[in-house]
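Q: Pasting a structure here, questions to come.
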Amino acid sequence: MERNNMICDMETGVCGVAGEEEMQLVDFNQPNKTIDLYYVTDPICSHCWAIEPTLRRLMKQYGHYFNFHTVMGGLLEKWHDGPIDPANGIFKPADVAGHWREVGEHSRMPIDGSLMIDNPVQSSFPPSRVFKIIQKHHGDERAFEYLRRAREALFAFNKNIGEESVLLEIINHLEFDGNAIVKEARDQTGHDLLLEDFALTRKLGARGFPTIIVVNEENKGVKIVGGRPFEYYVAGLTQVLDEEPTPKKQPHLSHLLKEEKLLFAKEIEVMYDVMPEDLPSYVMNELATARYEEKEILGEKYYVNI
């Protein structure tokens with residue numbers, strides 16, 4: 001029988017919904033989310049893949065200070081006969097493979113890259129449009145989850161995310177209607193939503209990827225281009241806040257792995273300040289009661305929640 005909320009409980013002295021603790025510590029000093037953080041990126045940006053460990057820690061420990069916005073920047077519309085990125089020696093798809101491998105080796109976020117020789121991604125627009133459609137129907141968090149799965153597929157597992165069959169596999173695995181999302185992404189809706197992001201990218205003055213722009217309520221902020229150490233982003237946030245932000249405690253590794261599904265060694269090292277030589281014992285201790293598999297790809301270990 002349901003309890004009438006208008007009746008007061010004689011033992012607890014509660015009028016209304018019972019079940020509250022007798023005494024609770026309440027923090028009324030939570031920061032107001034008046035800070036916006038714009039992450040201008042692209043699904044095939046290798047340096048964006050490289051900063052995943054740092055960006056995740058920033059979001060987990062300092063995300064309560066800012067509203068997070070992912071913006072598609074449009075890295076590659078299509079290949080053509082002229083230079084695509086002459087500053088980095090990129091003239092044709094095969095030129096990307098060596099660059100990606102170098103980024104992967106330096107960051108220790110594994111990148112195969114050989115598909116850019118054998119079966120290159122012809123455009124980053126199709127996976128970007130899918131991001132926008134998922135964002136439209138399922139929100140920012142699920143869209144960001146899709147972006148992570150797409151990058152895993154491309155960089156670590158060497159799948160062409162420019163192909164609809166690969167996109168369908170990723171979307172369906174997220175338990176969305178892959179056919180419907182790919183169709184809408186292919187239609188005018190997907191194109192228009194992507195153009196909105198391109199306009200915002202120009203407004204933000206972002207010309208390279210990744211670019212992170214942190215802006216306060218007075219429209220003043222900092223722009224950080226490229227991959228930087230974790231402390232660099234915290235310093236940028238501190239500058240915009242004009243005060244030292246208080247970080248939240250990192251989530252327990254078992255909870256993080258369950259949430260993220262897959263973590264590479266570098267991601268765990270960055271999140272918990274673990275040295276590479278200490279990682280095996282750290283993982284064994286922290287995941288003692290968790291169900292997981294340890295695997296390896298391109299010389300880097302990764303952990304999968306099961």
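No lab work stands behind these numbers, since they all come straight from the coordinates. Bear in mind the structure is a predicted one, so any value in this text is a computation, not a measurement. Glycine gets a Cβ as well: all are built from the backbone with ideal geometry, and neighbour counts include every protein chain shown.
Q: To the nearest 20 Debye, how big is the dipole of the chain about its Cα centre, given +1 on the beta carbon of each Lys and Arg and -1 on that of each Asp and Glu?
A: For this selection, approximately 820 debye.
Q: Here's a follow-up. Limiting things to C-alpha atoms, what are the Rg and the maximum Cα-Cα separation (Dmax) for the chain, in angstroms?
A: That works out to 22.1, 81 Å for Rg and Dmax.
Q: Could you work out how far the C-alpha centroid of the range 246-296 sits from that of the range 138-180, in angstrom?
A: About 23 Å separates the Cα centre of the range 246-296 from the one of the range 138-180.
Q: Turning to a different aspect of this structure: Got a sec? How would 44, 306, 90, 213 order by Cβ neighbour count within 10 Å, fewest to most?
A: 306, 90, 213, 44
Q: Please sort by residue number the GluC sites (Glu not before Pro) in the range 64-155 whose DSSP state is loop and whose Cβ has at most 13 other Cβ atoms within 10 Å.
A: Of the GluC sites (Glu not before Pro), the ones in loops of the range 64-155 whose Cβ has at most 13 other Cβ atoms within 10 Å are 77.
Q: Count charges around residue 291 for me, please; just the other residues with Cβ under 13 Å from its Cβ, Lys/Arg as +1, Asp/Glu as -1. Let's see the in-between values first.
A: On the way: positive: 258, 261; negative: 293, 294.
Once positives and negatives cancel, what remains is 0.
Q: What does the convex hull of the Cα atoms come to per residue for the range 253-305, in Å³?
A: Residue-normalised Cα hull volume stands at 67 Å³.
Q: For the range 149-260, take N as its residue count and report Rg(C-alpha) divided by 2.2 N^0.38 Å.
A: Normalised Cα radius of gyration, the range 149-260: 1.40.
Q: Follow-up question, since we're still on this one. Whats the longest run of the chain with zero chymotrypsin sites (Phe, Trp or Tyr not before Pro) that are DSSP loop and have at most 16 other Cβ atoms within 10 Å?
A: Free of exposed loop sites, the longest segment is 158-306.
Q: Please compute the net charge surrounding residue 55, taking Lys and Arg as +1 and Asp and Glu as -1 over other residues with Cβ under 11 Å from its Cβ.
A: Taking every Cβ under 11 Å from that of residue 55, the sum is +3.
Q: Further question: Against the longest alpha carbon principal axis of the chain, how many degrees, from 0 to 90 and to the nearest 10, is the axis of helix 230-241 turned?
A: So the inclination is approximately 60 degrees.
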